[in-house]
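Beneath this line is the structure, given in structure tokens, with notes to follow.
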Amino acid sequence: MTDIKNADAASAAADPKPFNKTTALWVLLATIVASGMAIVDSTAVNVALPALSQDLGASEIQLFWVVVAYLLFLSSLILVGGVLGDMYGRRKIFAIGVAIFGATSVWCGLAPDPTQLIVARSFQGIGAALLVPGSLAIITAYFPESERGKAIGWWSAFSALLVAVGPVLGGWFVDQFTWRLVFFINVPLTVFVLWMVAQHIPESFGSTADQAVDWVGAVLAVVGLGALSFGLIYGGKFGFAQALGAGAIVGGVGGLIAFVVAQARVRAPMMPLAMFKSKNFAGANLLTVLLYAPLGGGTLFLPIVMIEVYGYSALAAGASLLPVVFLLATLSRYAGGMINRTGATIPLVVGPTIAALGWAYFALPFFSGSYWTTFLPGFLLLGLGMSIAVAPLTTVVMTSFDQGKAGVASGINNAASRASGLVAVALFGALVTLIFNADLASALAGIDLPATALAALNAQDNLLTAAEIPDGLAPEMAALLGTAIDESFLAGYRAAMWLSAGLAAASALFAAAMIRYKPETPV
């Protein structure tokens, strides 16, 4: 197998295909649609969480795991996906990932209970881990340096458009049909991508073609991130003094430390630590962790607060993100070209700073729930900030090294963004749950609830704002209890928004301190 693999790599290197604009369009379309599917299924599901809670009887912890299971295997194995693409062919591994993703999307759509949905989401994350790093690596390998920044900008812009279609269609499916169609929409897209790959996408290999897969690192990454996520979610629900939650957090941190140690010792690490000697690459990945954590943790609660507290439909909650996507789609390609004139530092400071202002706006104490005043300004600021930052950030990552390491560089950066989103979902969930429980307990102390009603409410403490008002209460007391539940959730939600703003602002500071990149002088 190794001889065949190396022969294929040598053949590809000896007979490179000349750049062709028609093929370039197919490369962009295939990678945009495929990576868009993976991104959609990490965002559109958030819109469906209230419906999942009602239809499958999923608890708060199970709902978190529907999100976390996907992110866990995507973030843990995405480095393996990048290396496999470099070794066996990016086109080949990309196609395998797309096929796995499509098949497991059907499994998700047919899941009869929360447990099976969580398992199916785990395997869906494995498929995404194979296709996501291949997307940017295929673009970087095919496009010459003079065209690469614009190509990545187009990839960012149109991927954002596809992200928009997911939540909006997902919300419409939830309102009009069923949440299961959120997953089934991936089936025709999968078929289309596989056709494009078979007909139009050239093969490419990386400089790691003679290496072995770092399965030790992969296992340690899964164990470390999984245990840390479990500990944060469990601790948020039952308290961090509990032995199980505290032990899981300690074990998770230990697993991640063991992962770093292993990367320094194994022959073929999936995350070569030497790459972080590049200050640009290290800074870009640190910025990625801080900037993308709010997108994982913060956007988990935005649709929930819109649906459960302010009474939006799932369609309206999904469509609320359209201003962000519109700005990403229209401005990202210009930001990708701007790096040729200004370098990367300016957009990577300005963009996250504006995004931080958007997150801070969501934290302001509005009570009307009017979209035009409560949400739209925040979405506009967030969209503008991200559209300025995304393409320059991606360009720095993908051009910090030669083309032969594109798969590894893409895998590391995608792992950074997904792992930060994974930990953020768990961390933000713990934060919101702790504040919700504390505020609600304080509010209940001032409400003279009957013992039976209090017991019925406590039995639903896994559901947060989806908890139903116990039957038999006087209308005034029921209204008072409903207000207490909503305001307790809003207190946790606003804390999550302030945390999001702080992380985005910190990413701007690190960009100013670490990134010094211009395209004519790559590291």
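The values are calculated or read from the model by the stated rules, or taken from the named source; none is laboratory data. What you see is a predicted model, and the numbers here were worked out from it, not measured in a lab. Positions of Cβ are generated from backbone atoms using ideal geometry, with glycine treated the same way; all protein chains shown enter the neighbour counts. We work out accessible area using only protein heavy atoms, side chains counted, and drop any ligands, DNA or RNA first. Shrake-Rupley method; radii C 1.70, N 1.55, O 1.52, S 1.80 Å.
What is the one condition in (1) assigned to a helix (DSSP H, G or I); (2) touching a residue at least 60 places away in the same chain (Cβ under 8 Å); (3) open to solvent by 20 Å² or more (accessible area, probe 1.4 Å) that M271 does not satisfy?
Result: M271 fails condition (1) only.
Using the structure shown, decide if G429 is out of contact with any strand residue (DSSP E or B) (no Cβ under 8 Å at 6 or more places or on another chain), at pLDDT 80 or above and not aliphatic (A, V, I, L, M). Give the derivation first.
Details: out of contact with any strand residue (DSSP E or B) (no Cβ under 8 Å at 6 or more places or on another chain): yes; at pLDDT 80 or above: yes; not aliphatic (A, V, I, L, M): yes.
Criteria met by G429.
For the stretch 42-51, does any single residue satisfy the condition of being under 14 Å from L131 (Cβ atoms) and open to solvent by less than 20 Å² (accessible area, probe 1.4 Å)?
no
Filter the stretch 337-390 for residues that are under 19 Å from the mean Cα position of the chain (by Cα) and open to solvent by 30 Å² or more (accessible area, probe 1.4 Å); which is farthest from S313 (Cα to Cα)?
This residue is I388.
Would you check which residues across the stretch 259-268 are in a helix (DSSP H, G or I) and either open to solvent by less than 40 Å² (accessible area, probe 1.4 Å) or among the basic types (K, R) (or both) and list them?
Those that are in a helix (DSSP H, G or I) and either open to solvent by less than 40 Å² (accessible area, probe 1.4 Å) or among the basic types (K, R) (or both): F259, A262, Q263, R265.
Residues of the stretch 103-112 being buried (at least 23 other Cβ atoms within 10 Å of the Cβ) and in contact (Cβ under 8 Å) with a residue 40 or more places away in the chain, which ones?
Selection gives S105, C108.
Kindly provide the set of residues from the stretch 210-243 that are among the aromatic types (F, W, Y), outside any helix (DSSP H, G or I) and closer than 19 Å to V261 by Cβ, ordered by number.
Those that are among the aromatic types (F, W, Y), outside any helix (DSSP H, G or I) and closer than 19 Å to V261 by Cβ: none in the stretch 210-243.
Have a look at I93, I78, I100 and point out the one that is surrounded by fewer than 24 Cβ atoms within 10 Å (Cβ to Cβ) and either free of Cβ contacts under 8 Å to residues at least 60 places away in the same chain or within 21 Å of the chain's Cα centre (by Cα) (or both).
I100 is the lone residue from the list that is surrounded by fewer than 24 Cβ atoms within 10 Å (Cβ to Cβ) and either free of Cβ contacts under 8 Å to residues at least 60 places away in the same chain or within 21 Å of the chain's Cα centre (by Cα) (or both).
Does G236 qualify as being open to solvent by less than 40 Å² (accessible area, probe 1.4 Å) and at pLDDT 80 or above?
The answer is no for G236.
Would you confirm, using the coordinates I've provided, whether V83 is closer than 29 Å to I339 by Cα and surrounded by 24 or more Cβ atoms within 10 Å (Cβ to Cβ)?
So V83 fits the description; yes.
Find the residue count for the stretch 294-324, including only residues that are assigned to a helix (DSSP H, G or I), open to solvent by 10 Å² or more (accessible area, probe 1.4 Å) and either hydroxyl-bearing (S, T, Y) or within 30 Å of M514 (Cα to Cα) (or both).
4
Out of all the residues in the stretch 420-438, is one or more more than 26 Å from A479 (Cα to Cα), assigned to a helix (DSSP H, G or I), aromatic (F, W, Y) and open to solvent by less than 50 Å² (accessible area, probe 1.4 Å)?
yes
What residue, of L302, L321, is at pLDDT below 80 and within 22 Å of W172 (Cβ to Cβ)?
Exactly one of L302, L321 is at pLDDT below 80 and within 22 Å of W172 (Cβ to Cβ), namely L321.
Do the conditions hold for T178, that is, is it surrounded by 19 or more Cβ atoms within 10 Å (Cβ to Cβ), modelled with pLDDT of 80 or more and of a type in the set (S, T, Y)? First the steps, then the outcome.
Numbers: surrounded by 19 or more Cβ atoms within 10 Å (Cβ to Cβ): no; modelled with pLDDT of 80 or more: yes; of a type in the set (S, T, Y): yes.
The answer is no for T178.
Considering only the stretch 198-214, I want to know if a residue exists there that is over 29 Å from T31 (Cβ atoms), open to solvent by less than 30 Å² (accessible area, probe 1.4 Å) and either in contact with a Gly (Cβ under 6 Å, 6 or more places away or on another chain) or aromatic (F, W, Y) (or both).
No, the conditions are met nowhere in the stretch 198-214.
Condition check: open to solvent by less than 40 Å² (accessible area, probe 1.4 Å) and over 21 Å from A415 (Cβ atoms). Does I118 satisfy that?
Values: open to solvent by less than 40 Å² (accessible area, probe 1.4 Å): yes; over 21 Å from A415 (Cβ atoms): yes.
Judged against the criteria, I118 is a match.
Within the stretch 234-251, is there a residue that is within 20 Å of S417 (Cα to Cα) and not charged (D, E, K, R)?
Checked the stretch 234-251: no residue is within 20 Å of S417 (Cα to Cα) and not charged (D, E, K, R).
Each row is one residue, and each column tells you yes or no for (1) farther than 22 Å from P112 by Cα; (2) in a loop (DSSP other than H, G, I, E, B); (3) touching a Lys or Arg at 6+ places or on another chain (Cβ under 6 Å); (4) among the hydroxyl-bearing types (S, T, Y).
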residue: V33; (1), (2), (3), (4): yes, no, no, no
residue: M37; (1), (2), (3), (4): yes, no, no, no
residue: V45; (1), (2), (3), (4): no, no, no, no
residue: A48; (1), (2), (3), (4): no, no, no, no
residue: A51; (1), (2), (3), (4): no, no, no, no
residue: A58; (1), (2), (3), (4): no, yes, no, no
residue: V67; (1), (2), (3), (4): no, no, no, no
